[in-house]
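Before any comments, here is the structure.
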Amino acid sequence: MSHANPLLDFSTLPRFAEIKPEHVRPAVETVLREARAAIERLETLGESARWDNFVEPLEEIEDRIDRVWAPVSHLNSVMDSADLRAVHDECLAALVNFNTDVAQNEGLYRGFQAVSDGARFAELAPARRKLVENALRDFRLGGVALTGESRQRFKAVSERLSELSNRFSQNVLDATDAWSMNLTDPADVAGLPESALDLAREEARARGEEGWTFTLKAPSYIPFITYADARELRRRIYEAYVTRASETGPDTGRFDNTSIMSEILALRHEKATLLGFANYAEYSLESKMASTVGEVRDFLLDLADRSLPSARRELAELREFARRLDGTDVLESWDMPYYAEKLKEERYQINEESLRPWFPLGRVLDGMFEVVSRLFGVTVRPAETAQRWHDSVQFFEIVDGGGELRGRFYVDLYARAHKRGGAWMAECVNRRRREGSVQHPVAFLVCNFSPPVEGRETLLTHDEVLTLFHEFGHGLHHMLTRVDEAAVSGINGVAWDAVELPSQFLENWCWEREALDLVSGHHESGEPLPADMLERLNDARNFQAAMQMLRQIEFSLFDLELHSTFDAASGRPAQSVLDAVRERVAVVTPPAFNRFPNSFSHIFGGGYAAGYYSYKWAEVLAADAFERFRETGIFNADTGRSFLVNILEPGGSRDAMDLFVAFRGRKPDVAALLRQSGLAA
Ligand SMILES: [Zn+2]
């Protein structure tokens, strides 16, 4: 029997073709009403809370909410409409509200404590114990264990912080939107590729301007700073970009984030100290794979020290090249990307466009499935689904060597109107076991490749092939899990600094001959990628690797120092922390007017506070894990099985460091990443 509201039908895959905006609110209201009623009962259990009567019903509630919301959130991203967006935003606010209430619920906190203190706790399966431990940790980090005045203060600080973070991000957006540069003389746009000029022409037209208009948004800014021959104009756009939301530059003071940053840092510090941490970085690390501030600092400084000699060499080379090319003597910040691109072209004679003929999309998909099949002994094959949201969507299933279904996924590959840009993996259904039967995981894999034109198959750049592997790596983490509790199955519950391991790990196969023979095939001749092209591709991969490494380390250290050495008394401004970091790890010093921290939304507006190092951390994990394959053969089935059993299957049910050690036989070592980047001594 099919339910009248398709969103409340939990018996099948989402009925995408039937879901209408008018179904969303009733469905969300229904599950939230049921959830609140159930929680009212559960929060009074107190001492008698146990796994069966307390955690299990809570998990059931969460799963029903997820299963209603996953397709709604997905459709809002890939089939946007005004009606859907309105109801999506409204219901999202209700869900955020609900989640905040749950996170602050003392009765539930006491319930988890009772489960954890109960005589039977030790008998629970490890995944269940981990789930309970995570819940208790999150309640504590949310301030629920505080009492009296400090609890009130914690709440007030948290609310003010979320307000400030929003204002920070809004200022960055407004400052980005406020500036533009209109050019009408063709000489001013010399050097720019056709695609950048098209975009600029369209921007000008939309504003009723002549010629070409450039903005500070990435698709406009990046090509201009990289390709425009006009040096003074590069300087102009650079200055506008790096002074956004600050007290200087072309929009001086209009969207200034300086005082917001100071207040955010002070309040984060206070929040951490209310919970007994010495600083906010310690608070942030409490739920991460890295354990101490010192460990992260040593990790970053070690990488920096090992990259510095190569970075100095790369910079000297670039200077020499600029001098040779057009007599430029002093290399300014607005010159670096320009000359770097020219040097790269001269040295490797390879660009992304020239690789497309070897990567027809169908071949790449089949090849990627074959790679995964050899690695993990699974089969990926097309599957039946009753309903999709668009004709171009494909559906697959993953079956293991024993014939057991492990997971299923939708693939939505092409860019189109009303679809959000970028690429991502999202969860549709989480794996869990209920009354003895397994609910199999389902994933969404979304990309924005050019659609086929006039029956000609889409040809990918190598960069796009990497994107596909990256997202499929996340997908495998979600789908190959064997954990039966949704909150710690697949990517759920995985520490922030470890979650990019499987995705970056899988990218490695895109650089290997044996794998590329499966993945590439010329769209006319069927020939795999020629050896000389692969060689140049691999050489170009590490172009200026040391300088790029140091840039990321500079951001990471700045973030870490800001959140670990905060001193309310001196009110040490962010800029001076940055100066000190640059002194230690940078080879390029930006001009004095650079106000990069004022638009560093990752840490002031988003969730990366004292966590920006996670990018590098996960890269080290991925490179080190891959090196075991390099040692044993990139398609070694035993090594593949070990990664499957030790990393993918346990998902978030065990500590990320323990899992890594189980796979690698030791803790992560930065040497593999250095070797991969061509920076090993
Ligand atoms: Zn990712």
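One table, with the values for the structure above:
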| item | result |
| --- | --- |
| Filter result for VAL645 (open to solvent by 20 Å² or more (accessible area, probe 1.4 Å), outside any loop (DSSP other than H, G, I, E, B) and either among the basic types (Lys, Arg) or out of contact with any strand residue (DSSP E or B) (no Cβ under 6 Å at 6 or more places or on another chain) (or both)) | yes |
| Candidate set from the range 444-503 (those that are on the phi > 0 side of the Ramachandran plot and touching a residue at least 40 places away in the same chain (Cβ under 8 Å)); member that is nearest to the ligand (Cβ to nearest atom) | GLY490 |
| Subset of the range 124-145 (residues that are part of a loop (DSSP other than H, G, I, E, B) and farther than 26 Å from ARG482 by Cα) | GLY142, GLY143, VAL144, ALA145 |
| Tally, over the range 510-553, of residues that are over 30 Å from ARG582 (Cβ atoms), assigned to a helix (DSSP H, G or I) and away from the ligand (no atom under 16 Å from the Cβ) | 16 |
| Residues of the range 408-435 satisfying the condition of being of a type in the set (D, E, K, R) and open to solvent by 30 Å² or more (accessible area, probe 1.4 Å) | ARG408, ARG416, ARG420, GLU427, ARG433, ARG434, GLU435 |
| Helices (runs of 4 or more DSSP H) enclosed by the range 560-636 - at least 1 residues per element that are farther than 29 Å from HIS269 by Cα and modelled with pLDDT of 90 or more | 614-632 |
| Residue count for the range 171-214, restricted to those that are out of contact with any Phe, Trp or Tyr (no Cβ under 8 Å at 6 or more places or on another chain) and closer than 26 Å to PHE255 by Cβ | 12 |
| Breaking point among (1) under 25 Å from ALA671 (Cβ atoms); (2) part of a loop (DSSP other than H, G, I, E, B); (3) more than 24 Å from the chain's Cα centre (by Cα), for VAL330 | (1) |
| Enumeration of residues in the range 428-469 that are assigned to a strand (DSSP E or B) and among the small types (Gly, Ala, Ser) | SER437, ALA443 |
| Lone qualifier among SER284, SER259 - being at pLDDT below 95 and assigned to a helix (DSSP H, G or I) | SER259 |
| Residue in the range 148-160 that is in a loop (DSSP other than H, G, I, E, B), open to solvent by 20 Å² or more (accessible area, probe 1.4 Å) and over 28 Å from SER601 (Cα atoms) present | no |
| Only one of ALA580, ALA531 that is open to solvent by 20 Å² or more (accessible area, probe 1.4 Å) and either in contact with a Phe, Trp or Tyr (Cβ under 6 Å, 6 or more places away or on another chain) or in the same structural domain as ALA426 (by TED's automatic domain parsing) (or both) | ALA531 |
| Among the residues listed as GLU232, GLU203, GLU209, GLU239, the single one being under 30 Å from SER180 (Cβ atoms), acidic (Asp, Glu) and in contact with a Ser or Thr (Cβ under 6 Å, 6 or more places away or on another chain) | GLU203 |
| Residue in the range 662-669 that is under 22 Å from ILE553 (Cα atoms), of a type outside the set (Phe, Trp, Tyr) and surrounded by 16 or more Cβ atoms within 10 Å (Cβ to Cβ) present | yes |
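Condition check ((1) within 27 Å of the chain's Cα centre (by Cα); (2) open to solvent by less than 40 Å² (accessible area, probe 1.4 Å); (3) at negative phi; (4) modelled with pLDDT of 95 or more) across all residues:
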| residue | (1), (2), (3), (4) |
| --- | --- |
| SER162 | yes, no, yes, no |
| PRO186 | no, no, yes, yes |
| ARG205 | no, no, yes, yes |
| SER220 | yes, yes, yes, no |
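The values are calculated or read from the model by the stated rules, or taken from the named source; none is laboratory data. Nothing here was measured: the structure is a model prediction, and the numbers come from that model. Cβ coordinates were reconstructed from backbone atoms using ideal geometry, including for glycine residues, and neighbour counts include every protein chain displayed. Side chains are part of the model used for accessible areas, which takes the heavy atoms of the whole protein and leaves out ligands, DNA and RNA. Shrake-Rupley method; radii C 1.70, N 1.55, O 1.52, S 1.80 Å.
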